[in-house]
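The values are calculated or read from the model by the stated rules, or taken from the named source; none is laboratory data. Since we're looking at a predicted model, the values are computed, not measured. Here Cβ is always computed from backbone atoms with ideal geometry, including for glycine, and neighbour counts include all displayed protein chains. When the accessible area is computed, the model is the full protein with side chains, heavy atoms only, and any ligands, DNA or RNA have been set aside. Shrake-Rupley method; radii C 1.70, N 1.55, O 1.52, S 1.80 Å.
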Amino acid sequence: MRAYLDNAATTRVAPEVIERMGIFFSTAYANASSLHAQGMEAKRALDEARAAIAAMINASPEEIIFTGGGSESNNLALKGVAFLQKEKRHIITSAIEHPSILGTCAFLEKQGFSVTYLPVGREGFVSAGDVESAITDQTALVSIMHANNEIGTIQDLDRIGKACAAKGVPFHTDAVQSFTKAPIDVTRMGLSLVSLASHKIHGPKGVGALYVRKGMRLQKQIHGGHQENDRRAGTENLPGIAGFAHAASLQTPEHITKMAELRDYTITEIERRIPDVIVNGSRARRLCNNVNVIFKYIEGEALLFTLSQKGIAISTGSACSSRSLRPSHVLRAIGLPHEVAHGSCRVSISRYTTKQEIDYFLDTVTAVVAQLREVSPFTKMGKYEAYTDDDHTHEGHPAA
Amino acid sequence: MYSRKVMEHFASPHNVGEIPDADGVGKVGNPVCGDVMFVYIKVKDGRLEDVRFKTFGCVSAIATSSMVTDLAKGKTLAEAERITRDDVADALEGLPPIKMHCSNLAADALHAAIEDYKKKRKGSAG
Ligand SMILES: Cc1ncc(COP(=O)(O)O)c(C=O)c1O
């Protein structure tokens, strides 16, 4: 049996989406900028997709820029705002953002911007009060993600948005994980910019969108033609865009309820079957498809590979699974020590996930955790022996 | 990413466990980095009669621990002291470059256990 439980990384493209996209490869393939009838048909499909995405976040169609995915949307939002600034050279974000935000912020720091990385509490929440007190008259932008990709915590954007509005600072959110899974309302949440991506919602990879509030100026990042209201050059990826919009329209409230039930079942059963487990993130405000747990005394890469050999796909925040050899910055930010963070396991489900797959995962993981704990010296000790050997501090590792 | 041999040793590691009345114990690694190995040895007539391990760590940490116990068992102390990290990696048909340093501590743990045995013997003899 196989179980794909890594839907926060990416998802299967829905069959309906593949069918819809096919039209734009085989028949309606004209360039949406062309003036002939075929071009106008393509333009119409593009407009429809734009209107559909806009409606889902309570925006107007002309406020949507299609991009090449979530990372590009995040880069465009941050650099687009930053590069227009003359005086305001301060950005506020959080410690748990996706690398496409943190990497862009690090780049902007090199360009002379100062960035405040707000801490989060044990459940991964940014406090609206912290946002408000971090804002200065130099602040150009606040960027706080909606739902976290690792621990699933959904921020209270209404409150953070109010704090930004009170100080008149534009507010961006990375809603790549939450789009279609948790409500987004740009007006109610006081958002000026929102990043979205298609491949997390059963759409194709390499396509996304950035919502830009009317009147908000943005420095273009890709120069060339006048596509996307002159804000992003390049022939529109119509198959991708139409697929994205169609994928977004397919998610129903029943899907969300079903995913949330499977999520709760997974968490409850893990806690019932396996001792020494820590559930990360918030139980109350959690993405409907996210489970993130620590199995104490074992290491996540070992868990991932063992499950993988049994046909199960999950992910881990362990250092050994990352090319940087650093454990997840998100797990560190919620206060987990390095050694504990190594044992994390993220299970992310989709509307296609079945109870049988979850049961197969639960049975397998229970056995595998027990087997790896057999090998671990810490299981019997009941603690991670506090002892360090300086000779074996990894190169490039942050000091403990 | 991992060789067949690494996955074999990882999936069913050899010589897992502690030796309650071990003659020497070697601990290497750092839980912060995600790899800690304990190697236990039993010595008889100058040979490693038994070698066991417990490891907290990733696939290659567990595989190298298993392999080093296989390589060391039955060897004289002098022979076991000459087992290097590269020997362990070679016997496993190679490790990914990124794992060569961090998760290939098993030979060090073995040497530490032999060191511990020698220290204890000196203590009881003196
Ligand atoms: C929260 C978040 N932001 C941004 C991205 C980047 O999106 P993309 O892979 O489409 O560039 C991802 C996923 O990879 C994500 O989970």
**Report entry** Spin-label proximity, A:GLN111 to segment A:73-97 - amide N less than 20 Å from point 7 Å beyond Cα toward beta carbon
**Finding:** A:73-94, A:97
Query - Exposure of A:MET40 as accessible area (Å², to 10), given a probe of 1.4 Å and all protein chains - result: 100
Report summary line: Counting sequence-distant residues (5 or more places) and residues on other chains, those with an amide H built under 5 Å from that of A:ALA3 are A:ILE312, A:ALA313
Query raised in the report: Using θ = phi - 60° and the Karplus form 6.51 cos²θ - 1.76 cosθ + 1.60, what ³J(HN,Hα) does each residue of segment A:284-297 get, whole Hz, x for Gly and Pro?
Result: 7, 10, 10, 3, 5, 10, 10, 10, 9, 10, 9, 9, 5, 6
Report summary line: The B/A contact buries a total accessible area, at probe radius 1.4 Å and rounded to the nearest 100 Å², of 2900
**Report entry** Per-residue SASA entry for A:ARG285, accessible area with 1.4 Å probe, Å² rounded to 10
**Finding:** 90
Report summary line: Amide H proximity to A:ALA182 below 5 Å, modelled H, separation 5+ or other chain, gives none
Report task. Send over the semi-axes of segment A:15-250's equivalent ellipsoid, whole angstrom and largest first, taken as the square roots of 5 times the C-alpha gyration tensor eigenvalues. Result -> 31, 19, 14
Requested in this report: Any chance you could give the angle, 0 to 90 degrees and rounded to 10, that helix B:106-125 forms with the longest Cα principal axis of chain B?
Outcome: 10
**Report entry** Cα gyration tensor, chain A - rounded (a/c under 1.5), prolate or oblate
**Finding:** oblate
Query raised in the report: Rolling a 1.4 angstrom probe over the protein heavy atoms, how many square angstrom per residue are accessible across segment A:15-250?
Result: 40
Query raised in the report: DSSP loop trypsin sites (Lys or Arg not before Pro) in segment A:2-49 with at most 16 other Cβ atoms within 10 Å of their Cβ, which ones?
Result: A:ARG2, A:ARG12
Query - Vicinal HN-Hα couplings computed from phi for segment A:13-19 (Karplus, 6.51 cos²θ - 1.76 cosθ + 1.60; Hz; Gly/Pro x) - result: 6, 4, x, 4, 6, 4, 5
Query raised in the report: Where the accessible area of the protein assembly as shown is counted over protein heavy atoms with a 1.4 Å probe, how much of it, in %, is carbon and sulfur?
Result: 52
Report task. Give a residue-ordered list of calculated ³J(HN,Hα) values for segment B:38-49 (Karplus: 6.51 cos²θ - 1.76 cosθ + 1.60, θ = phi - 60°; whole Hz; x for Gly, Pro). Result -> 10, 10, 10, 10, 10, 10, 9, 6, x, 10, 7, 6
Report task. Using the 4.7 Å Cβ rule, please list in number order the cysteines from chain A without any candidate partner. Result -> A:CYS105, A:CYS164, A:CYS288, A:CYS345
Report summary line: Links exceeding 28 Å between C-alpha atoms in this model, out of A:LYS86/A:LYS200; A:LYS88/A:LYS181; B:LYS27/B:LYS75, come to A:LYS86/A:LYS200; A:LYS88/A:LYS181
Query raised in the report: What number comes out for the charge environment of A:GLN221, summing +1 per Lys or Arg and -1 per Asp or Glu over other residues with Cβ under 15 Å away?
Result: +2
Query - Loop-located chymotrypsin sites (Phe, Trp or Tyr not before Pro) in segment B:47-126 whose Cβ has at most 10 other Cβ within 10 Å (DSSP) - result: none
